[in-house]
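> My structure is below; once you've seen it, I'll send some questions.
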Amino acid sequence: MAIIEEEEEERLLDHLPKTYTKGGLKTMPFIIVNETLEKVASYGLQPNMVIYLMKVYNLEIVTATSLLSMWSALSHGLALLGAFVSDSFLGRFTVVAIGSISSLFGMTILWLTTMVPQLRPSRCDHFEINECDRPTPAQLLVLLFSFGTIALGAGFVRPCSIAFGADQLDNKENPNNKRIMESYFNWYYATIGMSTLVATTLIVYIQDAFGWRIGFGIPAILMFFSVSAFLLGSSMYIKVSASESLFTGFFQVLVASVRKRNIDLHSVNCEDYYHQSSDSEIQALTSSFRCLNKACMIEDPERDINPDGFASNPWRLCSVEQVVSLKSLLRVVPMWSSNIMVQLSLNQFSFATLQTKTMDRHIFSDIEIPAGSFSVFMVITLVMWIAFYDRVLVPIKARYTGQPGGLSPVLRMGIGLVLSAAAMVLSAITEGIRRGIAIDQKDPQDGPNINMSAMWFVPQYVLLGLADAFNAIGLVEFLYSELPKSMSSFVVAIFTLGMSVSGFFGSVLVNVVDIVTSYGGGVSWLSSNINNGHLDYYYWLLAFLNVVNFLYFLLIICRYNRHEKEVKEKQCEYSTQRA
């Protein structure tokens, strides 16, 4: 009896370090400080970067904007790589640590470009960029390398940091676990909002007031503290080991389907041949993307299934749950793709920074807003609308309709698309007025002396903030409701991929517009001298594309509703056949 008690005591002691001495609220300062400082540092570099590339590296506006779009696309696209490496190989702690160090390394190199003359072209005092020295291939390589390492860091930190923090607090045995997790997510996103505000105001102001050396040096120093804070808490973290990733499961379904492409699904009694994992809650497959059903079809039970019930070769036989997960992902792709145009509209900061830089940015006689800080109005609108919607509109709707919850995700997405188109129309009108005033004043250069207040740009930022609040949050809620619970952690990666695609599409679009509009020696709409160009035409083009995107969205809704009805009917028929 004493031996049994000793063994039980040892078992409890072995369990204590994992549950009680590691993780918990004491790890939150290290994790949140790491994520907050990383966002302040990286976001603080972006608003004025177009000016840095044009004034220091003597790049044309199209080249600079295209480069920044690709940088944004890479930062968001690498989030998929970060999630895959974390889930499949290294675990979240190691990936966040690697990402933080990579960001620090990249920011340090970028900082060095402001201090080492050999890393950038010679200073040019001419207004026309064509008369200035271009950066050498070596100088461009250093710049691009810094962008790449910063993007790699962002791609590794952002998708894993929030989940790593949740690992420290998630305790299913705690009756207050749900409340703790909700509180954590609220505080986490609150700190992200605050860090964005600091980045787009304080850091941008420092760059304008004290120059690039200090303006880029502070983000590098903040990133150093971010890395230090995260590594300092290493001994206290719960470090969940890597497991099989959803990405791997998707590839397995595709490979297994191709291997079994010659199987005729109509010639067999399918319900007897589907492989279902023991812990799966899914009981039936649908007829959509029916070719994928072959991936979970058992051809030879003795060869395909191990004695423990698992597939002997997961690249030849998948579970029903894997197939349904991939099908669910493919079904939401059309709705997800409608968000790309909204993200593209949100990413016009480079042009807006150059526009507001030519205008009167004073609020009062002694207070001037930096040109790169006007996006703060979009962030403020986003935060204020979310609070108003959640605390005021939703309760009012519940009181008068008797139905809890707010507007449907699809309706919110549609409202966001309309607001995005309206914002681009307003941007085109405002730029037309600004350009007309500049020409009337006979100001061929982009000097800050146009007799027009930059506050005229605030309404379009407000509309963009509302568009983001409606469309992005509606899309995330839609994805959570449509995808299986096993894919809930995949939602952020899907949304981030949309931001990445919008960055690539934005880069292609500005280059195409520049080439087409300057064909035959004409002045490009996207001329580096924005008073000579026609940014207003470019915004009208974006408005038109937003309208087309909204019509595409309406078509998706019609097809989606019909498809949903057909699937339900066939599921019912399938269930009847099984019965």
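The values are calculated or read from the model by the stated rules, or taken from the named source; none is laboratory data. These figures come from a predicted structure and were not determined experimentally. When we count neighbours, we look across all protein chains shown, and the Cβ atoms used for this are built from the backbone with ideal geometry, even at glycine. Each accessible area value is taken on the protein alone, full model and side chains, heavy atoms only, with ligands, DNA and RNA left out. Shrake-Rupley method; radii C 1.70, N 1.55, O 1.52, S 1.80 Å.
> Calculated FRET efficiency, HIS362 and ILE437, Cβ-Cβ r, R0 22 Å, to nearest 0.05? Kindly include the intermediate steps, with their values, before the conclusion.
Working: r = 16 Å, r/R0 = 0.75.
Using R0 = 22 Å, I get an efficiency of 0.85.
> LEU112 to VAL512: extension gain in nm, 0.36 nm per residue of separation minus the Cα-Cα distance? Each step should come with its number before you reach the end.
On the way: separation 400, 0.36 × 400 = 144.00 nm, distance 3.31 nm.
Length difference between fully extended and current span is 140.7 nm.
> A further question on this structure: Suppose R0 equals 22 Å; then what is the FRET efficiency for VAL255 and LEU144 from their Cβ-Cβ distance, rounded to the nearest 0.05? Each step should come with its number before you reach the end.
Details: r = 35 Å, r/R0 = 1.58.
Calculated transfer efficiency: 0.05.
> Per residue and in Å³, how big is the convex hull formed by the alpha-carbon atoms of the range 503-554?
Values: hull volume 4.0 nm³, N = 52.
In the range 503-554, the Cα convex hull volume per residue is 77 Å³.
> Per residue, how large is the accessible surface of the range 67-172? Use a 1.4 angstrom probe and give square angstrom. Please report the intermediate quantities before stating the final value.
Values: 4540 Å² over 106 residues.
Here the residues of the range 67-172 average 43 Å² of exposed surface.
> Let me check something: with ligands and nucleic acids excluded, how do ILE206, ILE363 order by accessible area (1.4 Å probe), largest to smallest?
Numbers: ILE206 25, ILE363 85 Å².
My answer, sorted largest first, is ILE363, ILE206.
> Here's a follow-up. With labels modelled as points extended 7 Å from the Cα through the Cβ direction, what inter-label distance (nm, one decimal) is found for VAL333 paired with LEU551?
My value for the distance between the label points is 2.4 nm.
> Given the Cα-Cα distance of PHE89 and ARG123 and 0.36 nm per residue of separation, how much length would full extension add, in nm?
Values: separation 34, 0.36 × 34 = 12.24 nm, distance 4.64 nm.
Difference between extended and current length: 7.6 nm.
> Where Lys and Arg each count +1 and Asp and Glu each count -1, what net charge lies around PHE225 among other residues with Cβ under 14 Å from its Cβ?
Numbers: positive: LYS39; negative: GLU35, GLU38.
Within the 14 Å Cβ shell, the charges total -1.
> Let me ask something else about it. Label-point separation (nm) for LEU411 and ILE305, each offset 7 Å from Cα along Cα-to-Cβ?
Computed distance between label sites LEU411 and ILE305 equals 4.7 nm.
> Can you tell me the Rg and the Dmax, both Å, for the Cα atoms in the range 17-143?
According to the Cα coordinates of the range 17-143, Rg and Dmax are 19.1, 66 Å.
> What does the net charge come to around ALA79 if you take all other residues with beta carbon closer than 14 Å to its beta carbon, with K and R at +1 and D and E at -1?
Working: positive: LYS39, ARG92, ARG158; negative: GLU35, GLU38, ASP87.
In short, 0.
> Sorting PHE470, PHE89 by accessible area (1.4 Å probe), largest first, what list results?
Numbers: PHE470 20, PHE89 140 Å².
The most accessible residue leads, giving PHE89, PHE470.
> In debye, nearest 20, what is the charge dipole magnitude of the range 13-111 about its Cα centre with +1 on Lys and Arg Cβ and -1 on Asp and Glu Cβ, if you could check? The partial results should precede the final answer.
Values: 6 positive and 5 negative charges, 47 e Å.
With only Lys, Arg, Asp and Glu charged at Cβ, the dipole is about 220 debye.
> Looking at the range 37-87 from every direction and averaging, what is the projected area of its Cα convex hull in nm²?
Over all viewing directions, the range 37-87 projects a mean Cα-hull area of 4.1 nm².
> Follow-up. Summing Lys, Arg as +1 and Asp, Glu as -1, what charge do residues with Cβ under 10 Å from the Cβ of MET236 carry, MET236 excluded?
Details: positive: LYS22, LYS26; negative: none.
Result for the neighbourhood of MET236: +2.
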